[in-house]
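A short worksheet on the structure shown next.
The values are calculated or read from the model by the stated rules, or taken from the named source; none is laboratory data. Computed from a predicted model, the values in this text were never measured in an experiment. When we count neighbours, we look across all protein chains shown, and the Cβ atoms used for this are built from the backbone with ideal geometry, even at glycine. Protein only, heavy atoms only, side chains kept; ligands, DNA and RNA dropped before computing areas. Shrake-Rupley method; radii C 1.70, N 1.55, O 1.52, S 1.80 Å.
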Amino acid sequence: MVEKAADKGHVVLNNVSKCFFEDEKKILCLDQLSIEIPPGQLTVLMGPSGCGKTSMINLIAGYETPDTGSITIDGEKITEPGHDRLVVFQETALFPWMTVFNNVAFGPKAKGLAEKDIKEKTESILETVGLQDFQDKYPTQLSGGMQRRAELARALVNEPSVMILDEPFRGLDAMTRELMQEFYLKLFDETKITTLFVTHELEEAIFMADTVIILTYKPGRVRKVVKVPLERPRHFSVSASKEYMDIFNDTIEILFEEAKKAFDHDDASSLDIIQSLKRNSDDS
Amino acid sequence: MSQTSVSAAPPIHPAAVAVKTRGALYQLTERKALPGAISIIGFLIAWQLSITWELPYLSNIPYPKDVWDSLYESVLKSSYWNDWKMSLIRVFVGFTVGQVVGIPLGLAMGASKTIKALCFPVFEMLRPIPPIAWIPLSILFWPTEELSIYFLTFIGAFFVIVLNVMQGVSSIDLSVKRAAISLGASRKDIFFKIMIPGSLPSIVTGMTVGIGVTWNVLIAAEMIAGHGGLGRGTWEAYTNGNLPLILVGMVSIGFAGYITSSLVRVIGEKAMPWRRKF
(Lines give C-alpha, C1' and ligand atoms only; values in the text may rest on other atoms or scores of the structure.)
Protein backbone atom coordinates (compact mmCIF):
# COMPACT_ATOMS: atom_id res chain seq x y z
CA MET A 1 0.00 0.00 0.00
CA VAL A 2 0.97 3.59 -0.42
CA GLU A 3 2.10 5.09 2.83
CA LYS A 4 0.36 8.07 4.31
CA ALA A 5 2.10 11.21 3.16
CA ALA A 6 3.03 13.02 6.32
CA ASP A 7 1.68 16.44 5.42
CA LYS A 8 4.34 17.17 2.88
CA GLY A 9 4.13 18.84 -0.45
CA HIS A 10 3.31 22.37 0.59
CA VAL A 11 3.76 24.31 -2.65
CA VAL A 12 3.82 28.09 -2.62
CA LEU A 13 3.95 30.28 -5.70
CA ASN A 14 5.01 33.77 -4.77
CA ASN A 15 4.52 36.55 -7.35
CA VAL A 16 5.34 34.24 -10.22
CA SER A 17 5.42 35.72 -13.71
CA LYS A 18 6.27 33.93 -16.90
CA CYS A 19 6.45 35.08 -20.49
CA PHE A 20 6.84 33.12 -23.64
CA PHE A 21 7.52 34.08 -27.21
CA GLU A 22 5.12 33.55 -30.03
CA ASP A 23 6.13 34.71 -33.50
CA GLU A 24 8.86 36.78 -31.80
CA LYS A 25 6.18 38.57 -29.81
CA LYS A 26 6.55 38.50 -26.06
CA ILE A 27 3.37 37.26 -24.43
CA LEU A 28 2.74 37.45 -20.72
CA CYS A 29 1.49 34.07 -19.67
CA LEU A 30 1.40 34.17 -15.87
CA ASP A 31 1.06 37.56 -14.20
CA GLN A 32 2.36 37.86 -10.63
CA LEU A 33 0.61 34.74 -9.60
CA SER A 34 0.52 33.89 -5.91
CA ILE A 35 -1.02 30.55 -5.11
CA GLU A 36 -0.76 28.16 -2.22
CA ILE A 37 -1.26 24.45 -2.58
CA PRO A 38 -1.83 23.25 0.96
CA PRO A 39 -0.32 19.91 1.98
CA GLY A 40 -2.58 16.89 2.22
CA GLN A 41 -5.25 18.52 0.09
CA LEU A 42 -6.59 18.16 -3.41
CA THR A 43 -6.37 21.45 -5.24
CA VAL A 44 -8.01 21.77 -8.63
CA LEU A 45 -6.86 24.29 -11.20
CA MET A 46 -9.37 25.48 -13.78
CA GLY A 47 -9.48 28.09 -16.47
CA PRO A 48 -9.78 28.44 -20.22
CA SER A 49 -6.99 27.31 -22.50
CA GLY A 50 -4.45 30.09 -22.56
CA CYS A 51 -4.70 30.86 -18.87
CA GLY A 52 -1.29 29.35 -18.28
CA LYS A 53 -2.21 26.11 -16.55
CA THR A 54 0.37 24.15 -18.45
CA SER A 55 3.01 26.80 -17.81
CA MET A 56 2.25 26.64 -14.14
CA ILE A 57 2.66 22.88 -14.14
CA ASN A 58 5.95 23.14 -16.02
CA LEU A 59 7.18 25.65 -13.46
CA ILE A 60 6.20 23.57 -10.44
CA ALA A 61 7.64 20.44 -12.02
CA GLY A 62 10.83 22.37 -12.63
CA TYR A 63 10.92 21.96 -16.42
CA GLU A 64 10.95 25.74 -16.75
CA THR A 65 11.97 28.56 -14.44
CA PRO A 66 9.86 31.62 -13.62
CA ASP A 67 10.90 35.04 -14.98
CA THR A 68 10.13 36.66 -11.65
CA GLY A 69 9.03 35.42 -8.27
CA SER A 70 9.73 32.07 -6.72
CA ILE A 71 8.19 28.68 -6.15
CA THR A 72 8.92 26.66 -3.05
CA ILE A 73 8.02 23.20 -1.93
CA ASP A 74 8.08 22.63 1.83
CA GLY A 75 10.16 25.79 2.10
CA GLU A 76 12.74 24.80 -0.48
CA LYS A 77 13.12 26.66 -3.74
CA ILE A 78 12.35 24.67 -6.88
CA THR A 79 15.17 24.87 -9.40
CA GLU A 80 15.02 21.64 -11.37
CA PRO A 81 12.82 18.56 -11.93
CA GLY A 82 12.69 16.12 -9.06
CA HIS A 83 10.83 13.03 -7.98
CA ASP A 84 9.18 14.88 -5.11
CA ARG A 85 6.88 16.47 -7.74
CA LEU A 86 5.62 14.04 -10.33
CA VAL A 87 3.45 14.88 -13.30
CA VAL A 88 0.87 12.64 -14.92
CA PHE A 89 0.58 14.11 -18.38
CA GLN A 90 -2.49 14.65 -20.54
CA GLU A 91 -1.53 12.22 -23.22
CA THR A 92 0.10 9.09 -21.94
CA ALA A 93 3.80 9.49 -21.28
CA LEU A 94 4.43 5.85 -20.45
CA PHE A 95 7.57 4.48 -22.07
CA PRO A 96 6.11 2.40 -24.90
CA TRP A 97 9.20 0.17 -25.08
CA MET A 98 8.98 -0.97 -21.48
CA THR A 99 6.55 -3.38 -19.90
CA VAL A 100 4.19 -2.05 -17.24
CA PHE A 101 6.50 -3.44 -14.56
CA ASN A 102 9.57 -1.73 -16.00
CA ASN A 103 7.69 1.52 -16.45
CA VAL A 104 6.71 1.55 -12.80
CA ALA A 105 10.13 0.34 -11.67
CA PHE A 106 11.88 3.12 -13.63
CA GLY A 107 11.96 5.58 -10.75
CA PRO A 108 13.15 3.13 -8.08
CA LYS A 109 15.79 1.81 -10.51
CA ALA A 110 17.02 5.31 -11.30
CA LYS A 111 17.34 5.93 -7.59
CA GLY A 112 19.53 2.84 -7.36
CA LEU A 113 17.43 0.82 -4.93
CA ALA A 114 18.26 -2.82 -4.33
CA GLU A 115 16.76 -5.28 -6.83
CA LYS A 116 14.64 -6.89 -4.12
CA ASP A 117 13.17 -3.59 -2.92
CA ILE A 118 12.41 -2.49 -6.46
CA LYS A 119 10.47 -5.68 -7.11
CA GLU A 120 8.61 -5.46 -3.81
CA LYS A 121 7.64 -1.81 -4.17
CA THR A 122 6.64 -2.13 -7.79
CA GLU A 123 4.52 -5.20 -7.23
CA SER A 124 2.78 -3.69 -4.26
CA ILE A 125 1.88 -0.48 -6.09
CA LEU A 126 0.72 -2.46 -9.12
CA GLU A 127 -1.62 -4.30 -6.80
CA THR A 128 -2.91 -1.01 -5.43
CA VAL A 129 -3.87 0.14 -8.91
CA GLY A 130 -5.13 -3.31 -9.85
CA LEU A 131 -2.60 -4.03 -12.57
CA GLN A 132 -0.76 -6.94 -10.96
CA ASP A 133 -1.90 -9.29 -13.75
CA PHE A 134 -0.74 -6.90 -16.46
CA GLN A 135 2.79 -6.22 -15.33
CA ASP A 136 4.38 -7.97 -18.31
CA LYS A 137 2.22 -6.21 -20.90
CA TYR A 138 3.35 -3.26 -22.96
CA PRO A 139 1.43 0.03 -22.65
CA THR A 140 -0.17 -0.36 -26.10
CA GLN A 141 -1.73 -3.62 -24.90
CA LEU A 142 -3.64 -1.80 -22.14
CA SER A 143 -6.95 0.07 -22.32
CA GLY A 144 -6.98 3.84 -21.81
CA GLY A 145 -8.05 3.56 -18.17
CA MET A 146 -5.38 0.97 -17.43
CA GLN A 147 -2.72 3.16 -19.02
CA ARG A 148 -3.69 6.01 -16.72
CA ARG A 149 -3.55 3.72 -13.71
CA ALA A 150 -0.12 2.49 -14.78
CA GLU A 151 0.98 6.08 -15.05
CA LEU A 152 -0.37 6.88 -11.60
CA ALA A 153 1.49 3.84 -10.26
CA ARG A 154 4.72 4.95 -11.94
CA ALA A 155 4.48 8.25 -10.07
CA LEU A 156 3.13 6.94 -6.77
CA VAL A 157 5.83 4.31 -6.35
CA ASN A 158 8.31 7.14 -5.78
CA GLU A 159 6.24 8.50 -2.90
CA PRO A 160 6.24 12.05 -4.26
CA SER A 161 5.32 14.96 -2.02
CA VAL A 162 3.01 16.33 -4.71
CA MET A 163 1.12 14.62 -7.49
CA ILE A 164 0.50 16.92 -10.43
CA LEU A 165 -2.25 15.63 -12.69
CA ASP A 166 -2.62 17.55 -15.96
CA GLU A 167 -6.06 16.67 -17.26
CA PRO A 168 -5.23 13.06 -16.55
CA PHE A 169 -8.59 11.60 -17.54
CA ARG A 170 -9.01 13.53 -20.76
CA GLY A 171 -9.82 11.34 -23.71
CA LEU A 172 -11.31 8.56 -21.63
CA ASP A 173 -14.92 7.61 -22.21
CA ALA A 174 -17.43 8.95 -19.69
CA MET A 175 -17.77 5.68 -17.82
CA THR A 176 -14.03 5.07 -17.46
CA ARG A 177 -13.57 8.68 -16.52
CA GLU A 178 -15.99 8.40 -13.60
CA LEU A 179 -14.37 5.18 -12.48
CA MET A 180 -10.96 6.84 -12.58
CA GLN A 181 -12.22 9.82 -10.59
CA GLU A 182 -13.59 7.50 -7.97
CA PHE A 183 -10.37 5.50 -8.04
CA TYR A 184 -8.17 8.52 -7.53
CA LEU A 185 -10.37 9.89 -4.76
CA LYS A 186 -10.18 6.60 -2.91
CA LEU A 187 -6.41 6.65 -3.26
CA PHE A 188 -6.34 10.25 -2.10
CA ASP A 189 -8.52 9.53 0.91
CA GLU A 190 -6.17 6.72 1.91
CA THR A 191 -2.93 8.60 1.43
CA LYS A 192 -3.87 12.29 1.65
CA ILE A 193 -1.16 12.89 -0.90
CA THR A 194 -0.95 16.54 -1.87
CA THR A 195 -2.49 16.83 -5.32
CA LEU A 196 -2.69 19.50 -7.96
CA PHE A 197 -5.35 18.49 -10.44
CA VAL A 198 -5.99 20.32 -13.70
CA THR A 199 -9.27 19.82 -15.50
CA HIS A 200 -11.75 21.40 -17.88
CA GLU A 201 -14.76 19.70 -16.36
CA LEU A 202 -16.44 21.59 -13.57
CA GLU A 203 -18.27 18.51 -12.30
CA GLU A 204 -15.00 16.63 -12.04
CA ALA A 205 -13.43 19.62 -10.30
CA ILE A 206 -16.07 20.00 -7.61
CA PHE A 207 -16.40 16.26 -7.08
CA MET A 208 -12.69 15.90 -6.38
CA ALA A 209 -11.47 19.18 -4.92
CA ASP A 210 -10.90 20.64 -1.51
CA THR A 211 -10.21 23.91 -3.29
CA VAL A 212 -10.88 25.00 -6.87
CA ILE A 213 -8.67 27.77 -8.20
CA ILE A 214 -9.95 29.55 -11.28
CA LEU A 215 -7.45 31.44 -13.43
CA THR A 216 -8.19 34.27 -15.83
CA TYR A 217 -7.61 34.20 -19.57
CA LYS A 218 -4.29 35.67 -20.81
CA PRO A 219 -2.45 36.57 -18.70
CA GLY A 220 -3.14 34.04 -15.97
CA ARG A 221 -4.14 35.61 -12.69
CA VAL A 222 -6.20 34.17 -9.89
CA ARG A 223 -9.83 34.95 -10.63
CA LYS A 224 -11.40 33.13 -7.74
CA VAL A 225 -10.62 30.55 -5.10
CA VAL A 226 -13.57 28.32 -4.30
CA LYS A 227 -13.58 26.14 -1.19
CA VAL A 228 -15.39 22.83 -1.52
CA PRO A 229 -16.33 21.76 2.01
CA LEU A 230 -18.14 18.60 0.89
CA GLU A 231 -17.56 15.71 3.22
CA ARG A 232 -15.12 12.89 2.33
CA PRO A 233 -15.25 10.14 1.29
CA ARG A 234 -17.46 11.37 -1.50
CA HIS A 235 -19.88 9.42 -3.59
CA PHE A 236 -21.28 10.45 -6.97
CA SER A 237 -24.63 11.07 -5.32
CA VAL A 238 -23.04 14.18 -3.81
CA SER A 239 -23.76 15.99 -7.06
CA ALA A 240 -27.45 15.96 -6.15
CA SER A 241 -26.88 17.79 -2.87
CA LYS A 242 -27.75 21.45 -2.37
CA GLU A 243 -24.22 22.33 -1.25
CA TYR A 244 -22.82 20.93 -4.47
CA MET A 245 -25.34 22.81 -6.59
CA ASP A 246 -24.57 26.06 -4.79
CA ILE A 247 -20.87 25.74 -5.48
CA PHE A 248 -21.60 24.71 -9.03
CA ASN A 249 -23.80 27.72 -9.73
CA ASP A 250 -21.34 30.10 -8.09
CA THR A 251 -18.52 28.83 -10.19
CA ILE A 252 -20.00 28.24 -13.59
CA GLU A 253 -20.75 31.91 -14.24
CA ILE A 254 -17.17 32.95 -13.61
CA LEU A 255 -15.78 30.12 -15.69
CA PHE A 256 -18.10 30.97 -18.52
CA GLU A 257 -16.97 34.59 -18.49
CA GLU A 258 -13.33 33.60 -18.74
CA ALA A 259 -14.03 31.05 -21.44
CA LYS A 260 -15.98 33.69 -23.35
CA LYS A 261 -12.98 36.01 -23.20
CA ALA A 262 -10.83 33.29 -24.69
CA PHE A 263 -13.46 32.65 -27.33
CA ASP A 264 -13.69 36.33 -28.24
CA HIS A 265 -9.94 36.32 -28.74
CA ASP A 266 -10.53 33.69 -31.37
CA ASP A 267 -8.76 31.10 -29.31
CA ALA A 268 -10.14 27.98 -30.94
CA SER A 269 -8.94 25.81 -28.10
CA SER A 270 -11.36 27.57 -25.75
CA LEU A 271 -14.14 25.62 -27.46
CA ASP A 272 -13.07 22.80 -25.24
CA ILE A 273 -14.23 24.44 -22.07
CA ILE A 274 -17.24 26.15 -23.61
CA GLN A 275 -18.53 22.85 -24.89
CA SER A 276 -18.00 21.24 -21.54
CA LEU A 277 -19.77 24.11 -19.79
CA LYS A 278 -22.61 24.08 -22.26
CA ARG A 279 -23.09 20.39 -21.66
CA ASN A 280 -23.27 21.09 -17.95
CA SER A 281 -25.81 23.88 -18.22
CA ASP A 282 -27.93 21.75 -20.56
CA ASP A 283 -28.03 19.09 -17.91
CA SER A 284 -29.08 21.40 -15.14
CA MET B 1 -8.97 -13.99 -67.67
CA SER B 2 -12.42 -13.69 -66.21
CA GLN B 3 -13.59 -12.13 -69.46
CA THR B 4 -12.42 -15.15 -71.45
CA SER B 5 -14.34 -17.47 -69.21
CA VAL B 6 -17.46 -15.37 -69.60
CA SER B 7 -17.40 -15.44 -73.37
CA ALA B 8 -16.62 -19.16 -73.40
CA ALA B 9 -19.48 -19.99 -71.09
CA PRO B 10 -22.81 -21.33 -72.40
CA PRO B 11 -25.54 -18.71 -72.80
CA ILE B 12 -26.60 -17.84 -69.29
CA HIS B 13 -27.94 -14.46 -68.24
CA PRO B 14 -24.94 -12.08 -68.27
CA ALA B 15 -25.69 -10.62 -64.85
CA ALA B 16 -25.73 -14.05 -63.25
CA VAL B 17 -22.36 -14.84 -64.82
CA ALA B 18 -20.86 -11.62 -63.56
CA VAL B 19 -21.96 -12.35 -60.04
CA LYS B 20 -20.74 -15.91 -60.27
CA THR B 21 -17.28 -15.04 -61.61
CA ARG B 22 -16.82 -12.29 -59.09
CA GLY B 23 -17.78 -14.70 -56.33
CA ALA B 24 -15.26 -17.26 -57.55
CA LEU B 25 -12.48 -14.70 -57.85
CA TYR B 26 -13.28 -13.34 -54.43
CA GLN B 27 -13.04 -16.79 -52.94
CA LEU B 28 -9.63 -17.29 -54.52
CA THR B 29 -8.26 -13.96 -53.34
CA GLU B 30 -9.50 -14.64 -49.85
CA ARG B 31 -6.56 -16.98 -49.47
CA LYS B 32 -3.16 -15.39 -49.38
CA ALA B 33 -0.95 -17.71 -51.43
CA LEU B 34 -3.27 -17.96 -54.40
CA PRO B 35 -3.31 -14.32 -55.51
CA GLY B 36 0.47 -14.38 -55.34
CA ALA B 37 0.66 -17.47 -57.52
CA ILE B 38 -1.84 -16.05 -59.99
CA SER B 39 0.13 -12.83 -60.27
CA ILE B 40 3.44 -14.59 -60.91
CA ILE B 41 2.00 -17.11 -63.38
CA GLY B 42 0.21 -14.27 -65.16
CA PHE B 43 3.51 -12.42 -65.48
CA LEU B 44 5.27 -15.49 -66.89
CA ILE B 45 2.48 -16.02 -69.41
CA ALA B 46 2.66 -12.37 -70.49
CA TRP B 47 6.42 -12.73 -70.84
CA GLN B 48 6.07 -15.85 -72.98
CA LEU B 49 3.35 -14.32 -75.14
CA SER B 50 5.20 -11.08 -75.77
CA ILE B 51 7.95 -13.10 -77.43
CA THR B 52 5.76 -15.54 -79.38
CA TRP B 53 3.62 -12.66 -80.62
CA GLU B 54 6.81 -10.79 -81.52
CA LEU B 55 5.82 -7.57 -79.81
CA PRO B 56 8.04 -4.69 -80.99
CA TYR B 57 11.38 -4.42 -79.14
CA LEU B 58 10.51 -7.33 -76.88
CA SER B 59 11.22 -10.20 -79.28
CA ASN B 60 14.92 -10.36 -78.33
CA ILE B 61 14.13 -11.32 -74.76
CA PRO B 62 14.91 -14.96 -74.06
CA TYR B 63 12.02 -17.31 -73.34
CA PRO B 64 11.30 -17.99 -69.66
CA LYS B 65 12.28 -21.59 -70.34
CA ASP B 66 15.76 -20.57 -71.57
CA VAL B 67 16.29 -18.44 -68.50
CA TRP B 68 15.18 -21.30 -66.32
CA ASP B 69 17.66 -23.66 -68.05
CA SER B 70 20.41 -21.09 -67.70
CA LEU B 71 19.60 -20.64 -64.03
CA TYR B 72 19.66 -24.40 -63.54
CA GLU B 73 23.10 -24.56 -65.17
CA SER B 74 24.40 -21.65 -63.08
CA VAL B 75 23.22 -23.13 -59.81
CA LEU B 76 25.41 -26.17 -60.46
CA LYS B 77 28.52 -24.03 -60.99
CA SER B 78 30.66 -22.94 -58.06
CA SER B 79 31.50 -19.62 -59.78
CA TYR B 80 27.82 -18.61 -59.50
CA TRP B 81 27.82 -19.21 -55.75
CA ASN B 82 31.15 -17.45 -55.48
CA ASP B 83 29.48 -14.35 -56.98
CA TRP B 84 26.78 -14.62 -54.35
CA LYS B 85 29.35 -14.92 -51.63
CA MET B 86 31.37 -11.92 -52.80
CA SER B 87 28.35 -9.68 -53.17
CA LEU B 88 26.93 -10.67 -49.82
CA ILE B 89 30.23 -10.02 -48.06
CA ARG B 90 30.55 -6.60 -49.73
CA VAL B 91 27.02 -5.65 -48.75
CA PHE B 92 27.50 -6.98 -45.24
CA VAL B 93 30.77 -5.14 -44.62
CA GLY B 94 29.65 -1.78 -46.03
CA PHE B 95 26.22 -1.97 -44.45
CA THR B 96 27.50 -3.01 -41.03
CA VAL B 97 30.22 -0.36 -40.91
CA GLY B 98 27.57 2.13 -42.04
CA GLN B 99 25.38 1.22 -39.05
CA VAL B 100 28.26 1.09 -36.57
CA VAL B 101 29.41 4.58 -37.56
CA GLY B 102 26.05 6.05 -38.55
CA ILE B 103 23.84 5.09 -35.59
CA PRO B 104 26.08 6.65 -32.92
CA LEU B 105 26.62 9.73 -35.07
CA GLY B 106 22.86 10.09 -35.63
CA LEU B 107 22.18 9.65 -31.92
CA ALA B 108 24.86 12.18 -31.03
CA MET B 109 23.55 14.73 -33.52
CA GLY B 110 20.01 14.14 -32.30
CA ALA B 111 20.97 14.45 -28.65
CA SER B 112 23.40 17.36 -28.71
CA LYS B 113 22.82 20.66 -30.43
CA THR B 114 26.54 21.40 -30.37
CA ILE B 115 27.46 18.19 -32.16
CA LYS B 116 24.70 18.77 -34.68
CA ALA B 117 25.87 22.33 -35.32
CA LEU B 118 29.38 21.01 -35.93
CA CYS B 119 28.58 17.98 -38.10
CA PHE B 120 25.33 18.70 -39.88
CA PRO B 121 26.49 21.32 -42.41
CA VAL B 122 29.15 18.99 -43.85
CA PHE B 123 26.73 16.11 -43.68
CA GLU B 124 24.10 18.04 -45.61
CA MET B 125 26.69 19.09 -48.17
CA LEU B 126 27.69 15.51 -48.92
CA ARG B 127 24.32 13.79 -48.53
CA PRO B 128 22.70 14.97 -51.80
CA ILE B 129 25.54 13.41 -53.81
CA PRO B 130 24.17 10.12 -55.16
CA PRO B 131 26.29 7.25 -53.83
CA ILE B 132 27.04 6.13 -57.38
CA ALA B 133 28.75 9.47 -58.03
CA TRP B 134 31.34 8.44 -55.45
CA ILE B 135 32.56 5.55 -57.63
CA PRO B 136 35.39 7.31 -59.55
CA LEU B 137 36.82 9.01 -56.48
CA SER B 138 36.53 5.84 -54.49
CA ILE B 139 38.44 3.80 -57.05
CA LEU B 140 41.24 6.36 -57.10
CA PHE B 141 41.31 6.85 -53.39
CA TRP B 142 41.38 3.34 -52.00
CA PRO B 143 44.40 1.09 -52.56
CA THR B 144 42.40 -2.02 -53.48
CA GLU B 145 39.25 -2.59 -55.50
CA GLU B 146 37.69 -4.47 -52.62
CA LEU B 147 38.22 -1.58 -50.24
CA SER B 148 36.72 0.90 -52.67
CA ILE B 149 33.61 -1.26 -53.02
CA TYR B 150 33.31 -1.59 -49.25
CA PHE B 151 33.53 2.17 -49.06
CA LEU B 152 30.82 2.65 -51.67
CA THR B 153 28.38 0.27 -49.97
CA PHE B 154 29.18 2.05 -46.73
CA ILE B 155 28.22 5.39 -48.29
CA GLY B 156 24.97 3.87 -49.51
CA ALA B 157 23.93 2.84 -46.00
CA PHE B 158 25.54 5.65 -44.01
CA PHE B 159 23.63 8.78 -45.00
CA VAL B 160 20.27 7.07 -44.84
CA ILE B 161 20.79 5.72 -41.34
CA VAL B 162 22.22 8.94 -39.90
CA LEU B 163 19.28 10.95 -41.16
CA ASN B 164 16.74 8.46 -39.84
CA VAL B 165 18.33 8.09 -36.41
CA MET B 166 18.56 11.84 -36.02
CA GLN B 167 14.93 12.25 -36.90
CA GLY B 168 14.05 9.36 -34.60
CA VAL B 169 15.68 11.03 -31.62
CA SER B 170 13.91 14.31 -32.21
CA SER B 171 10.57 12.56 -32.63
CA ILE B 172 10.61 11.28 -29.05
CA ASP B 173 7.77 12.92 -27.15
CA LEU B 174 8.83 15.79 -24.89
CA SER B 175 6.58 14.55 -22.09
CA VAL B 176 8.25 11.13 -22.24
CA LYS B 177 11.66 12.76 -21.79
CA ARG B 178 10.35 15.00 -19.03
CA ALA B 179 8.75 12.06 -17.24
CA ALA B 180 12.10 10.26 -17.26
CA ILE B 181 13.93 13.32 -15.93
CA SER B 182 11.39 13.81 -13.15
CA LEU B 183 11.68 10.17 -12.18
CA GLY B 184 15.35 10.76 -11.51
CA ALA B 185 16.94 9.41 -14.69
CA SER B 186 20.61 10.29 -15.15
CA ARG B 187 21.96 11.45 -18.51
CA LYS B 188 23.13 7.91 -19.08
CA ASP B 189 19.66 6.54 -18.32
CA ILE B 190 18.10 9.05 -20.70
CA PHE B 191 20.47 8.03 -23.47
CA PHE B 192 20.22 4.26 -23.08
CA LYS B 193 16.68 3.81 -21.76
CA ILE B 194 14.85 6.59 -23.59
CA MET B 195 16.73 7.83 -26.62
CA ILE B 196 17.95 4.53 -28.02
CA PRO B 197 14.70 2.54 -27.68
CA GLY B 198 12.71 5.64 -28.61
CA SER B 199 14.55 6.03 -31.90
CA LEU B 200 14.63 2.30 -32.63
CA PRO B 201 11.63 2.40 -35.00
CA SER B 202 13.47 5.03 -37.08
CA ILE B 203 16.69 3.04 -36.88
CA VAL B 204 14.92 0.01 -38.35
CA THR B 205 13.35 2.15 -41.08
CA GLY B 206 16.79 3.57 -41.86
CA MET B 207 18.26 0.08 -42.04
CA THR B 208 15.50 -1.20 -44.32
CA VAL B 209 15.92 1.69 -46.74
CA GLY B 210 19.70 1.57 -46.37
CA ILE B 211 20.05 -2.08 -47.32
CA GLY B 212 18.21 -1.33 -50.58
CA VAL B 213 20.48 1.60 -51.38
CA THR B 214 23.49 -0.55 -50.52
CA TRP B 215 22.51 -3.12 -53.15
CA ASN B 216 21.99 -0.39 -55.73
CA VAL B 217 25.45 1.00 -55.16
CA LEU B 218 27.05 -2.41 -54.98
CA ILE B 219 25.75 -3.54 -58.37
CA ALA B 220 26.85 -0.32 -60.06
CA ALA B 221 30.25 -0.51 -58.38
CA GLU B 222 30.74 -4.15 -59.33
CA MET B 223 29.82 -3.50 -62.96
CA ILE B 224 32.34 -0.70 -63.17
CA ALA B 225 35.11 -1.70 -60.83
CA GLY B 226 34.70 -5.12 -59.39
CA HIS B 227 36.00 -8.58 -59.87
CA GLY B 228 33.36 -11.15 -59.15
CA GLY B 229 30.02 -10.54 -57.53
CA LEU B 230 26.49 -10.74 -58.91
CA GLY B 231 26.72 -7.34 -60.58
CA ARG B 232 29.95 -8.27 -62.34
CA GLY B 233 28.49 -11.64 -63.35
CA THR B 234 25.55 -9.88 -64.98
CA TRP B 235 27.85 -7.45 -66.74
CA GLU B 236 30.06 -10.26 -68.06
CA ALA B 237 26.97 -12.04 -69.36
CA TYR B 238 26.24 -8.83 -71.26
CA THR B 239 29.73 -8.55 -72.73
CA ASN B 240 29.48 -12.20 -73.80
CA GLY B 241 26.06 -11.55 -75.33
CA ASN B 242 24.52 -14.27 -73.18
CA LEU B 243 20.98 -13.00 -72.80
CA PRO B 244 19.53 -15.72 -70.58
CA LEU B 245 22.47 -15.30 -68.19
CA ILE B 246 21.83 -11.55 -67.94
CA LEU B 247 18.35 -12.37 -66.73
CA VAL B 248 19.67 -15.00 -64.35
CA GLY B 249 21.90 -12.28 -62.90
CA MET B 250 19.03 -9.85 -62.57
CA VAL B 251 16.80 -12.39 -60.88
CA SER B 252 19.62 -13.37 -58.51
CA ILE B 253 20.28 -9.75 -57.54
CA GLY B 254 16.60 -9.20 -56.88
CA PHE B 255 16.41 -12.34 -54.79
CA ALA B 256 19.53 -11.41 -52.81
CA GLY B 257 18.10 -7.99 -52.08
CA TYR B 258 14.85 -9.55 -50.98
CA ILE B 259 16.59 -11.97 -48.58
CA THR B 260 18.73 -9.28 -46.97
CA SER B 261 15.90 -6.80 -46.48
CA SER B 262 13.70 -9.56 -45.03
CA LEU B 263 16.52 -10.32 -42.61
CA VAL B 264 16.70 -6.67 -41.56
CA ARG B 265 12.93 -6.62 -41.07
CA VAL B 266 12.97 -9.76 -38.92
CA ILE B 267 15.79 -8.37 -36.78
CA GLY B 268 13.85 -5.13 -36.42
CA GLU B 269 10.71 -6.93 -35.27
CA LYS B 270 12.73 -8.96 -32.78
CA ALA B 271 14.34 -5.81 -31.42
CA MET B 272 11.00 -4.07 -30.86
CA PRO B 273 8.66 -6.51 -29.12
CA TRP B 274 6.39 -3.61 -28.10
CA ARG B 275 5.62 -2.81 -31.73
CA ARG B 276 4.20 -6.25 -32.42
CA LYS B 277 0.60 -6.25 -33.61
CA PHE B 278 -1.56 -7.45 -30.79
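Tabulated data for the structure shown
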item: Degrees, to the nearest 10: B:14-30 long Cα axis against longest axis of chain B; result: 40 degrees
item: Computed accessible area, A:Phe169, all protein chains, 1.4 angstrom probe, square angstrom; result: 0 Å²
item: Computed [θ] at 222 nm, helices only, for chain B once each DSSP H run of length n ≥ 4 contributes -39500 (n - 2.57); result: -26500 deg cm²/dmol
item: Separation of alpha-carbon centers, the stretch B:236-274 and the stretch B:150-182, rounded to whole Å; result: 27 Å
item: Solvent-accessible area per residue, Å², over chain A with all protein chains present [probe radius 1.4 Å]; result: 45 Å²
item: In nm, spacing of pseudo-spin labels at B:Trp81 and B:Ser50 (7 Å Cα→C-beta vector); result: 3.3 nm
item: Summed buried accessible area for A+B [probe radius 1.4 Å, Å², rounded to 100]; result: 1900 Å²
item: A:Lys116/A:Lys8 FRET efficiency (R0 35 Å; Cβ-Cβ; nearest 0.05); result: 0.85
item: Net charge of Cβ neighbours under 12 Å - reference A:Val12; Lys, Arg +1; Asp, Glu -1; result: -2
item: Rounded if a/c under 1.5, otherwise prolate or oblate - chain B, Cα gyration tensor axes; result: oblate
item: Solvent-accessible area lost in complex, 20 Å² minimum, residues of the stretch A:39-75 relative to chain alone, 1.4 Å; result: A:Tyr63
item: Residues B:Ile129 and B:Phe92, FRET efficiency given R0 of 35 Å [Cβ-Cβ distance, rounded to 0.05]; result: 0.90
item: Solvent-accessible area lost in complex, 40 Å² minimum, residues of the stretch A:83-105 relative to chain alone, 1.4 Å; result: A:Phe89, A:Phe95, A:Trp97
item: Percent of Cα-Cα distances greater than 35 Å, calculated over the protein assembly as shown; result: 57 percent
item: Helix A:115-128 vs. chain A, principal-axis angle (Cα, 0 to 90°, nearest 10); result: 50 degrees
item: Rounded FRET efficiency, nearest 0.05, which uses the C-beta distance separating B:Thr208 from A:Asp23 and R0 of 45 Å; result: 0.70
item: Spatially proximal aspartates and glutamates relative to A:Lys121 (Cα-Cα < 13 Å; intrachain offsets below 8 disregarded); result: A:Glu3, A:Glu159
item: Proximal aspartates and glutamates relative to A:Lys261, as straight alpha-carbon distance under 16 Å, when same-chain residues fewer than 8 apart are discounted; result: A:Glu253, A:Asp272
item: Cα-based reach from A:Lys26 at 13 Å (exclusive), listing aspartates and glutamates while leaving out same-chain residues under 8 positions away; result: A:Asp67
item: Accessible area (Å², per residue) of chain B, counting only protein heavy atoms and a probe of 1.4 Å; result: 60 Å²
item: Apportionment of accessible area to carbon and sulfur, chain B, percent (1.4 Å); result: 69 percent
item: Accessible area in the full protein assembly, largest first, 1.4 Å probe, for B:Lys270, B:Lys85; result: B:Lys270, B:Lys85
item: On Cα atoms only, tilt of B:230-239 relative to the major axis of chain B in degrees; result: 50 degrees
item: Of A:Lys77/A:Lys109; A:Lys116/B:Lys270; B:Lys116/B:Lys177; A:Lys8/A:Lys137; A:Lys192/A:Lys242, pairs whose Cα-Cα distance is over 23 Å; result: A:Lys77/A:Lys109; A:Lys116/B:Lys270; A:Lys8/A:Lys137; A:Lys192/A:Lys242
item: Accessible surface of chain A, 1.4 Å probe, proportion on carbon and sulfur as whole %; result: 49 percent
item: Ranking by accessible area, most exposed first, for B:Met86, A:Met146 with a 1.4 Å probe; result: B:Met86, A:Met146
item: Exposure ranking of B:Val100, B:Val264 by accessible area [1.4 Å probe, largest first]; result: B:Val100, B:Val264
